[in-house]
Amino acid sequence: MASAIRNDSTLRAKVLVPEKLSPDGLSLLKTSLDVDERKGLSADELLSIIPDYEALLVRSETKVTAAVLQAAKKLKVVARAGVGVDNIDVEAATKNGIVVVNSPSGNIGAAAEHTIALLMSMARNIPDASSSLKSNSQIFANSTVHLVGLIVARLAKGLGMKINAVDPYASSAVAASASVTLMPSLSVLLPTADFLTIHTPLIASTKGMISTAELAQMKSGSRILNVARGGTVDEPALLAALESGHIAGAAVDVFATEPPSPDSASAKLIAHPRVIPTPHLGASTVEAQENVSIDVCEQVLQILGGALPRSAVNAPLILPEEYKKLQPFVRLVEKLGSIYTQHYGSAENPLSNRSTFDLIYEGEISGMNNTKPLFAALIKGLTSPISNSAGLNVNIVNAELVARERGIIVNEKHSRDNPSHSYSSLITLVATAAKNTAKEGPEPQGHEYDQIISGTCSESQPLISRLDRFATSFVPEGTLLICHNFDSPGKIGVVGSILGKEGVNINFMSVAPVSKGKQQRTNEGQVYDEALMILGVDKAVDESVAKALVHEGGVLSASVVSL
Ligand code: MLT
C-alpha cells in the first residue's frame, strides 16, 4: 500500500469524521492529516463530499452505503470506532479495495458492564422501584445465565451465577477457563435459562436468531437481554412473548431501527411495562470511547502510512515483521505482473490468452507462509495496465475478487529444492501455454512455450533476472523498450538511430542473450542466435516507433513497458 501521509500541509491526506469521536484518537491524526469533523451530514451531503477524502471515521449512525463507497475514489479506509460494522457495506468496500477496520475489544468491557447493570435492574425491578419504591426482589445465586458469546461470563460469575453458553468459535478449554459450560446448540441451551443475553454481530445468520420458536423453548418466566445488535431478537415475537407472560421481562439497549419510528415494534418494546430500554448506551463510557477512538485512529495512520492494520474486517491479518520482510518482494511481484501484461499482451488479448499463472518462490522467500500481499501485488500488476481496469484500486482487500471476476488463477509454489541460481531469493512468474500464442519471432510453428519472468531483490531494489528465454539484469523502472532480435552486428546502431530520430534518449541498455539450453532451432536443427535488447528510455515511446523498429530496424518484435 502506498503511503498517503505527507508532511506538506497543502498535500495532506484528508480524513472525514461525521460523528462525535473521542478527541484522544483524533489528536493522533491531526499532526499529519487534515481532519474534518462534520457532524450531522445528510446522506446526500456525505455522498457529495466523500470523493475528497482518504479516510472515513464513523460510529454507528453514519450509513456507509455502496453508493458512498463507489463515489469515494480516494478512500483507502473506513474506520468504525466500535465493534459492529453493520452500518458499513463491507462487501462494497471490499470490491472497491477499501479497508474496513474496527475496534474489536475497545468497548466490550463497557458493553458487558451495561449488560450486567440491566440484568440486575431487571431482576431487581430497579427502574420501577426507584420511581414507586416498590420492590420485586429476585435471587441471583443459583440462577442460570445463558450467553450467546462469552464476554459477560466473568462478571456474571462474580454474581454467583451458573453460566452456560453457545459459541461456535469458543473452544471448550477457553470456555472452561471462564467457568462457562459450552452447550451444543441453542435448542439445548434455551429450555433451562433464567436469563438469556445475546452477544453476536448482526449478520445474515444472526438476524432474527431469537424468534417465536426460540422464545417458546425458553422457560416460562425467564428474561432476555440484548445489548448486542437490534434485529438479532425478533421484536414482534418478543412483544408477543411478553404480552402472553411467557417471557417475564426484557432489557434492551439496541433496536432494529435506531432511533425507533413511532408505532414500530421497537417503539412498542420501549413503551412496554416489562421492558427496561436504554438508548444504545452499552459502549458509552468515557473510557470505552477513548479506547475505540485511539484504536481506530492508530489503524488509520497505519493504513495511510502504507502498513497493514491490526483489525481489518476485510483484509488478512499480517504481522508487521512479516509485512516488512515481504515489502521489497511486493514491489518486485507487481513489476513482474505489469511487465507480463505489457510485454506479452496486446490490446485484444491483454493477458496474451493466458489466465493460469504459477508464482514460484525460491530461496529465503519460499519460507514465508503468508504471501497474500504477493498474490495481491501480482493481480495488481497484471491488471493495472489493462485499460478497463483504470481507476480500480487493486490491493490485498479485493485482489481475490478481482482475480475471480477476471478468471485469473494463480498457483503459488514454494520451492525448497536446491536452487538452480545464486540469488538469496528468486520469484518466477510462469504463464503456461494453452496453445501456441507466440507473438512474433522465430518460434517454430506449433511450438508451445511458457512465458516466464524472474526477479530478485538486491538490497530491497527489485531486479529482473530473466525474461522469457533470456538471462538479463535490469531495474524495472520508468519506460522500457524491449526488442527481440537476431544477435547480429549493427542491431544496436539501427535501433539507436531510429530512437534518435524520434528524440528518444536512451538512459541504459542491457543486452540479454538467450539462456543456455533455451535456444530455438529451425526444423533443420540450426540454432537461432537471438537476444533481447532492453533499453531504458527517457520518455514514452509510441506504438508507431515500436512498429518502425520491426519494419525498418529489422528487430523481430518490440514492446514498450511503462513501470
Ligand atoms: C459497537 O458496535 O461498538 C457498540 O454497539 C457501540 C457503538 O455502536 O458505538
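Coordinate-derived values only; no laboratory data. Fair warning: this is a prediction, and the values are worked out from it, not measured in the lab. Glycine also receives a Cβ, built like all others from the backbone with ideal geometry; neighbour counts cover every protein chain displayed.
Overview of values
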quantity	calculated
Quotient of C-alpha Rg and 2.2 N^0.38 Å, computed over segment 51-119	1.27
Charged-residue dipole, Cβ positions (Lys, Arg, Asp, Glu), the chain about Cα centre, Debye nearest 20	780 debye
Diffusion coefficient, µm² s⁻¹, Stokes-Einstein with Kirkwood Rh over alpha-carbon pairs of segment 477-563 at 20 °C and 1.002 mPa s	160 µm²/s
When the convex hull of its Cα atoms is projected in every direction, mean area for segment 108-277 (nm²)	9.5 nm²
Vicinal HN-Hα couplings computed from phi for segment 65-80 (Karplus, 6.51 cos²θ - 1.76 cosθ + 1.60; Hz; Gly/Pro x)	8, 4, 5, 4, 5, 5, 6, 7, 5, 9, 5, 10, 8, 10, 10, 9
Kyte-Doolittle at least 0.0, axis length at least 15 Å by Cα - qualifying DSSP helices, the chain	108-123, 286-304, 372-383, 491-501
Gap separating the Cα centres of segment 33-96 and segment 279-308, nearest whole Å	15 Å
Cα gyration tensor category, rounded, prolate or oblate, for segment 303-399 with a/c compared to 1.5	oblate
Check: segment 316-468 dipole with +1 on Lys, Arg Cβ and -1 on Asp, Glu Cβ, in debye	280 debye
DSSP bridge pairs, the chain: antiparallel proportion in percent, nearest 5	50 percent
For the chain, radius of gyration divided by Kirkwood radius, i.e. Rg to Rh on alpha-carbons	1.12
Computed helical MRE - 222 nm, the chain, DSSP H runs ≥ 4 contributing -39500 (n - 2.57), nearest 500	-9000 deg cm²/dmol
Percentage of interatomic Cα-Cα distances in segment 316-468 larger than 26 Å	24 percent
Whole-number percent relative contact order across the chain, with pairs defined as alpha carbons under 8 Å at least 6 apart	11 percent
Cleavage-rule hits, trypsin sites (Lys or Arg not before Pro), segment 1-108, DSSP coil, Cβ neighbours within 10 Å at most 11	39
Point-to-point label distance, residue 538-residue 406, nm (Cα→Cβ direction, 7 Å offset)	3.3 nm
